[in-house]
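The values are calculated or read from the model by the stated rules, or taken from the named source; none is laboratory data. Quantities reported herein were computed from a predicted structural model and do not represent experimental measurements. Ideal geometry is used to build each Cβ from the backbone, glycine not excepted, and the neighbour counts take in all protein chains shown. These accessible areas exclude ligands, DNA and RNA; they are computed on the full protein's heavy atoms, side chains included. Shrake-Rupley method; radii C 1.70, N 1.55, O 1.52, S 1.80 Å.
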Amino acid sequence: MAHEYTATVVWTRGEGEAFSDNKYKRGHRWSFDGGIEVQASPSPLVVPLPYSREDAVDPEEAFVASISSCHMLTFLHIAAKRRLVIDRYEDKALGVMTKNENGKFYVSKVTLNPEIAFSGDQIPTPEQIADMHHLAHKECFIANSVVTEIVVAGIP
């Protein structure tokens, strides 16, 4: 079974911008099939202001969020199948960009820092939670799509 996913990315040169002088604003828009639009930009760490936007999502942040979101959704699915109850799942994921062996920058590591609140009759042990994280990583579509090292903090 093949699934397809679409995103429309639109950038327009600003009025009065020459473009060829490399002094153009890089803010742009991502649109998704459900109708949501997200303002996007390169990170100000990569492209200085005013040519980037601090108030927009950059591709690296979106990449980290995508990994975190996929892991979370897979973890929630596993927990529900085990008849566990989760009240809240919060992850302050961190991506680190370094250079690869060819000297090119890439997001080399993403560390997930999930805090999960369980309730109900069955509260999993730390070992069971670690097992669910390992399984979530193994089954996560995004984790299976990237070469970035993905770790869950505190899980060996």
Report yes if some residue within region 137-148 is more than 24 Å from Thr8 (Cα to Cα), of a type in the set (A, V, I, L, M) and modelled with pLDDT under 95; otherwise report no.
yes
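What number of residues within region 1-51 satisfy the criterion of being under 20 Å from Ala65 (Cβ atoms) and among the small types (Gly, Ala, Ser)?
Step one: of region 1-51, the residues under 20 Å from Ala65 (Cβ atoms) are 3, 5-9, 26-47.
Now narrow it down to the ones that are among the small types (Gly, Ala, Ser): 7, 27, 31, 34-35, 40-41, 43.
Qualifying residue count, region 1-51: 8.
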Mind counting the residues in region 1-27 that are of a type outside the set (A, V, I, L, M, F, W, C), closer than 18 Å to Tyr51 by Cβ and touching a residue at least 24 places away in the same chain (Cβ under 8 Å)?
5
Taking region 117-140 and keeping only residues that are part of a loop (DSSP other than H, G, I, E, B) and open to solvent by 40 Å² or more (accessible area, probe 1.4 Å), one is left with Gly120, Asp121, Gln122, Ile123, Thr125
Please indicate, with yes or no, whether at least one residue in region 143-150 is part of a loop (DSSP other than H, G, I, E, B), open to solvent by 100 Å² or more (accessible area, probe 1.4 Å) and more than 19 Å from Cys70 (Cβ to Cβ).
no
How do the pairs read when you match residues in region 129-147 that are closer than 18 Å to Leu84 by Cα with residues anywhere that are of a type in the set (D, E, K, R) and at pLDDT 95 or above, using Cβ under 9 Å and keeping only pairs 6 or more apart or on different chains?
Met132/Arg82
